[in-house]
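Worksheet for the structure shown next.
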Amino acid sequence: MMNVDAFQIAAREGGFVADIGMGEGTVQWLRKIPLPMARNTHQRMCIDTMTSSVTVYWVEVPGRLNSKTFRDVPALQEWFQLEPRPIEQR
């Protein structure tokens with residue numbers, strides 16, 4: 001349970017807010033309020049207490065869903081710190 005609490009703290013520090021409370025279930029959903037002109041929109045996070053993991057979902061291009069799963073808090077915090085990559089024109 002300690003890891004789940006640490007994930008919740010890291011999520012709040014990363015700009016995520018609770019979307020739906022945990023209730024009696026095993027997952028908690030959070031959402032991120034996007035900054036104006038943000039590329040990665042509609043970000044959602046699922047904290048799973050059964051697996052002690054976090055999966056972040058986001059849409060970069062309309063119709064394309066991306067996700068990344070984290071099993072430890074430092075990896076999630078490091079991912080939050082990554083600079084956005086420039087979009088390559090094709």
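Every residue, every condition in (1) surrounded by fewer than 13 Cβ atoms within 10 Å (Cβ to Cβ); (2) out of contact with any Ser or Thr (no Cβ under 7 Å at 6 or more places or on another chain); (3) at pLDDT below 80; (4) of a type in the set (Gly, Ala, Ser), yes or no:
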{"residue": "Ala18", "(1), (2), (3), (4)": "no, yes, no, yes"}
{"residue": "Gly21", "(1), (2), (3), (4)": "yes, yes, yes, yes"}
{"residue": "Trp29", "(1), (2), (3), (4)": "no, yes, no, no"}
{"residue": "Pro86", "(1), (2), (3), (4)": "yes, yes, yes, no"}
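Being among the charged types (D, E, K, R), outside any strand (DSSP E or B), out of contact with any His (no Cβ under 7 Å at 6 or more places or on another chain) and at pLDDT below 85: is that true of Glu78 here? Spelling it out, it is not the case that Glu78 is among the charged types (D, E, K, R), outside any strand (DSSP E or B), out of contact with any His (no Cβ under 7 Å at 6 or more places or on another chain) and at pLDDT below 85.
Is it the case, given these coordinates, that Val56 is more than 9 Å from the chain's Cα centre (by Cα), modelled with pLDDT of 90 or more and among the aliphatic types (A, V, I, L, M)? No; evaluated as a whole, the condition is false for this residue. Before we move on, is Ile47 surrounded by 11 or more Cβ atoms within 10 Å (Cβ to Cβ), among the β-branched types (Val, Ile, Thr), at pLDDT 90 or above and over 10 Å from the mean Cα position of the chain (by Cα)? Against the criterion (surrounded by 11 or more Cβ atoms within 10 Å (Cβ to Cβ), among the β-branched types (Val, Ile, Thr), at pLDDT 90 or above and over 10 Å from the mean Cα position of the chain (by Cα)), Ile47 does not qualify.
Of all residue pairs spaced 6 or more apart or on separate chains, those with beta-carbon atoms under 8 Å, a first member in region 50-74 that is more than 16 Å from Gly14 (Cα to Cα) and a second member that is among the acidic types (Asp, Glu) and at pLDDT below 95 are Asn66/Glu60.
The values are calculated or read from the model by the stated rules, or taken from the named source; none is laboratory data. Keep in mind it's a predicted model, so treat the numbers as computed, not measured. No Cβ is skipped: glycine too gets one built from the backbone with ideal geometry, and neighbour counts run over all protein chains shown.
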